[in-house]
1. Output the residue which, of all residues in segment 141-172 that are at pLDDT below 90 and over 27 Å from E93 (Cβ atoms), is surrounded by the fewest Cβ atoms within 10 Å (Cβ to Cβ).
2. Taking segment 40-65, which residues are surrounded by fewer than 18 Cβ atoms within 10 Å (Cβ to Cβ) and hydrophobic (A, V, I, L, M, F, W, C)?
3. Those residues that are under 28 Å from the mean Cα position of the chain (by Cα), part of a strand (DSSP E or B) and within 25 Å of G174 (Cβ to Cβ), I need them from segment 205-240; list them, please.
4. Output the residue which, of all residues in segment 223-245 that are of a type in the set (A, V, I, L, M, F, W, C) and touching a residue at least 24 places away in the same chain (Cβ under 8 Å), is nearest to Q194 (Cα to Cα).
5. Tally time: how many residues in segment 173-184 are more than 20 Å from the chain's Cα centre (by Cα) and either surrounded by fewer than 11 Cβ atoms within 10 Å (Cβ to Cβ) or over 16 Å from T235 (Cβ atoms) (or both)?
6. From the list F116, F104, F92, F66, exactly one residue is among the hydrophobic types (A, V, I, L, M, F, W, C), within 29 Å of I200 (Cα to Cα) and in contact with a helix residue (DSSP H, G or I) (Cβ under 7 Å, 6 or more places away or on another chain). Which is it?
7. Any residue in segment 93-121 that is without any contact (Cβ under 8 Å) to a residue 24 or more places away in the chain sitting within a Cβ distance under 8 Å of a residue that is of a type in the set (A, V, I, L, M) and surrounded by fewer than 17 Cβ atoms within 10 Å (Cβ to Cβ)? List the pairs, counting only those 6 or more apart or interchain.
8. Which condition number in (1) surrounded by fewer than 18 Cβ atoms within 10 Å (Cβ to Cβ); (2) farther than 27 Å from A155 by Cα; (3) not basic (K, R) is the one that N37 fails?
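The values are calculated or read from the model by the stated rules, or taken from the named source; none is laboratory data. All of these numbers come straight from a predicted model, not from anything done at the bench. Here the Cβ positions follow ideal geometry from the backbone for every residue, glycine too, while neighbour counts run over all protein chains shown.
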Amino acid sequence: MTYKVVVIEDEPLALKKVTRLITEVISDAEIIATLTNNKQILAFLSSDKSADVIFSDIELTDGPVFQTFSKIEPKCPVIFITAYNEYMMEAFETSGIAYLLKPFNKIKLQNAWKKFQQLTNPTQLQSISQLATTMNNLNIAPPKLKLSRITIKTAEKIYFLSINEITLIRADGGLVTAFCKNGKRHYLNENSLQKLMQKINNPDFFQINRSELVQQQYIEKLERYCKNTFAVYITNLVEPVKTSQSRNREFSQWLGLTG
């Protein structure tokens, strides 16, 4: 059997490497299309063409592939290939079956391909379907992974901010910023505090009011601000942040101040 493969990648050198590795590692694969932007992806998914598996980068020059996959979900499994680890949960919420971080080698590609073959094996598909039905009946959700760092893109560069070094995250309208332990401000690419909270998925952070998250290890002291409200002093930030009255009790429990 020959498997029809589509590759989505917008960087010419990366595209050349991926197609070469697929050809070398997977003897029964035929690359039927290489797509470089969301417009081409949408056209392919809207056509009568079909693939058995898609190898896809995530961040393209015209936006993440998820903006297209949310319009038309691929009818085949997707093996994601990316330099960023923060899209993992979103990848597996679509048609993703494997997540390869660049740079990857032949062994990792082989492992991803074995997983694809196992999942598309009729016997295996039946057992997976049975497992999915059981999990749905029991209301069991797959575990979420904690994010280890945030990717920050500016006009000049792309850099990474470790989650462990973030003291405070603040949303102001559509602008979300993070402060690290040396007091430096970082402008994040996210525009929603709630979405960022879900992505971080870290119990060490607490939303103390409508627009601010604090990380527990960087809270230096609390002062009573007014009834049912604390002023919270954060490492290397001059001005304290304040809890809202509605969050104060839960905040105290989170810190272990009350039972």
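1. Among those that are at pLDDT below 90 and over 27 Å from E93 (Cβ atoms), it is A155.
2. Result: L42, A43.
3. Of everything in segment 205-240, those that are under 28 Å from the mean Cα position of the chain (by Cα), part of a strand (DSSP E or B) and within 25 Å of G174 (Cβ to Cβ) turn out to be F205, F206, Q207, E212, L213, V214, Q215, I234.
4. Our first condition is that a residue be of a type in the set (A, V, I, L, M, F, W, C); within segment 223-245, this holds for 226, 230-232, 234, 237-238, 241.
Cutting the leftovers down to touching a residue at least 24 places away in the same chain (Cβ under 8 Å) gives us 232, 234, 237, 241.
Numbers: V232: 21, I234: 21, L237: 23, V241: 18 Å.
Restricting to residues being of a type in the set (A, V, I, L, M, F, W, C) and touching a residue at least 24 places away in the same chain (Cβ under 8 Å), the top hit is V241.
5. Final tally of qualifying residues: 2.
6. Working: F116 fails: in contact with a helix residue (DSSP H, G or I) (Cβ under 7 Å, 6 or more places away or on another chain); F104 fails: in contact with a helix residue (DSSP H, G or I) (Cβ under 7 Å, 6 or more places away or on another chain); F92 fails: in contact with a helix residue (DSSP H, G or I) (Cβ under 7 Å, 6 or more places away or on another chain).
Answer to the check: F66.
7. Listed pairs, sorted by first residue: I97/L119; L101/A83.
8. Failed condition: (2).
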